[in-house]
Each structure stands twice: as C-alpha cells, then as structure tokens.
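Each remark here refers to the structure printed beneath this line.
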Amino acid sequence: MDRLPTLIVLLSLVACGDDGGGAEAPTSPGRVVTLPAEAQNAEDLATFCEVHPEGSDAPTFAWPEGMEGDAPASAEGWQWVNVWATWCRPCVEEMPRLKTFESELAEDGAPVQIAFLSADAEAEAVAAFHEEHPGHPTGPRVADTDALRAWLGGFGLDEGAPLPIHLFVDPAGKVRCARTAAIGDDDYESVKALLSGG
C-alpha cells in the first residue's frame, strides 16, 4: 500500500513528459509552444487607420457645418481631431490618455495638436459633464446628427461610424488617417509612426 503514492507520482511525471532526470522532454504536437515576446512595434497603418488615403486622394479637412463654439486654431503641424460624446464611455476614458500622448509625442519629436469635437445633442449635457470632470479638455460641439454623418462620410468613414472617432490631419490640411476605435496605451507607437511620416 505504501508504494501507491510513489506509483501515482511516477505516472504523473510520465504523463507530463518528465523523464524524472530533469532533461526537457520533446514537445508533443498537442502542446502549445510559447515564444519569447518581441518588442512591441507600431501597428501597420493600414490596420490602425480605418481609412488611410495617400497622396492627392486625401480629403482636405474642414470643420463640420453648424458647429457650435469656436473652431480650434489651425495647427502649424499635425492636428488630431477627436470626436467624442459625454455618453460614450470609451471616449471619456481615453481623453486623459490622448492629452498624455500629446505631451509625450512632442518630447519624442512628433508634435501634434489635439482638438476635441463633441457630438452631444444637448449643450447642457456637455456643460454638466465639464462641471463633474473639470480636468477634461473642452472644445466645440456639433449637435446635428445628419451634419455629423455627412461630414464623416466626406473623410471616407461610414456615416454610422461609432464613437470615438479620430482624424489625423497633416500639416498641409489633408486627412491622412481616420479611425473609429478607442486609442489604447499600446497605440502610441502607431500614432508616432503616423506623425513621423511612417
């Protein structure tokens, strides 16, 4: 009876591929082979951007019609326009990250000016949001949903594109990238590559 625990241990070692001698057993076809993680690279811009026009095909940026509030001053270099809304949780969560990116990109030699455009229907909702979140950036608002959809369609996005939306405008005023997904920490290198002409 006292040999039973030893037998169970030996069978377990054989089942797991351990010959008991410390040598690494050959990998069976059913096992998952892990490889060391490579350094994170920038995502291919064709994947990062939903629309990535090049050359003269790129549309010229203009603010939407019927916008309420002053348009941000034109950037001398790259401009990053973030379309957001108070009811869009990913929008609200990413805003501090975007401001951090703005500072870090300037330090890394890829400066960009970020402008925030609210898609909220009611001015009161935006005002209440800023009262509750005084650290979040402010900007103009476009309340007309139809005008917003038509405007986004002009940049090659589906008129029903979900928020948040990111438009990257080059120094010549051309929209070089349109993205309809939240920006995460792991997107920094992709943004930097885009602004650096990558």
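The values are calculated or read from the model by the stated rules, or taken from the named source; none is laboratory data. Everything numeric in this text was worked out from a predicted model, so none of it was measured. Note: ideal-geometry Cβ built from the backbone for every residue, glycine included; neighbour counts use all protein chains shown.
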Residue in the stretch 159-184 that is farthest from Leu195 (Cα to Cα), counting only those that are outside any strand (DSSP E or B) and of a type in the set (Val, Ile, Thr) = Thr180
inquiry  = Restricting to the stretch 106-128, count the residues that are surrounded by fewer than 18 Cβ atoms within 10 Å (Cβ to Cβ) and either under 22 Å from Pro53 (Cβ atoms) or not small (Gly, Ala, Ser) (or both).
reply    = 6
note = Flagged in the stretch 179-198 as basic (Lys, Arg) and crowded, with 21+ Cβ neighbours inside 10 Å, in numbering order, are Arg179
message = Condition (residue is in a loop (DSSP other than H, G, I, E, B), touching an Asp or Glu at 6+ places or on another chain (Cβ under 8 Å) and within 18 Å of Glu68 (Cα to Cα)) applied to the stretch 135-142: is it met by at least one residue?
response = yes
ask   = Out of the stretch 64-83, which residues are in a loop (DSSP other than H, G, I, E, B), closer than 17 Å to Leu163 by Cβ and not aliphatic (A, V, I, L, M)?
value = Pro64
Only listed residue being under 26 Å from Pro59 (Cβ atoms), hydrophobic (A, V, I, L, M, F, W, C) and in contact with a strand residue (DSSP E or B) (Cβ under 6 Å, 6 or more places away or on another chain), chosen from Ala115, Ala161 = Ala115
Thr86 in a loop (DSSP other than H, G, I, E, B) and either touching a Cys at 6+ places or on another chain (Cβ under 8 Å) or modelled with pLDDT of 95 or more (or both) = yes
remark   = Given the conditions (1) farther than 12 Å from Val83 by Cα; (2) among the β-branched types (Val, Ile, Thr); (3) at pLDDT 95 or above, every one holds for Thr145 apart from (3)
inquiry  = Please pick out the residue among Arg176, Arg141, Arg97 that is under 18 Å from the mean Cα position of the chain (by Cα), basic (Lys, Arg) and crowded, with 17+ Cβ neighbours inside 10 Å.
reply    = Arg176
task = Please enumerate the residues belonging to the stretch 144-173 that are exposed (fewer than 14 other Cβ atoms within 10 Å of the Cβ) and small (Gly, Ala, Ser).
result = Ala150, Gly153, Gly160, Ala172
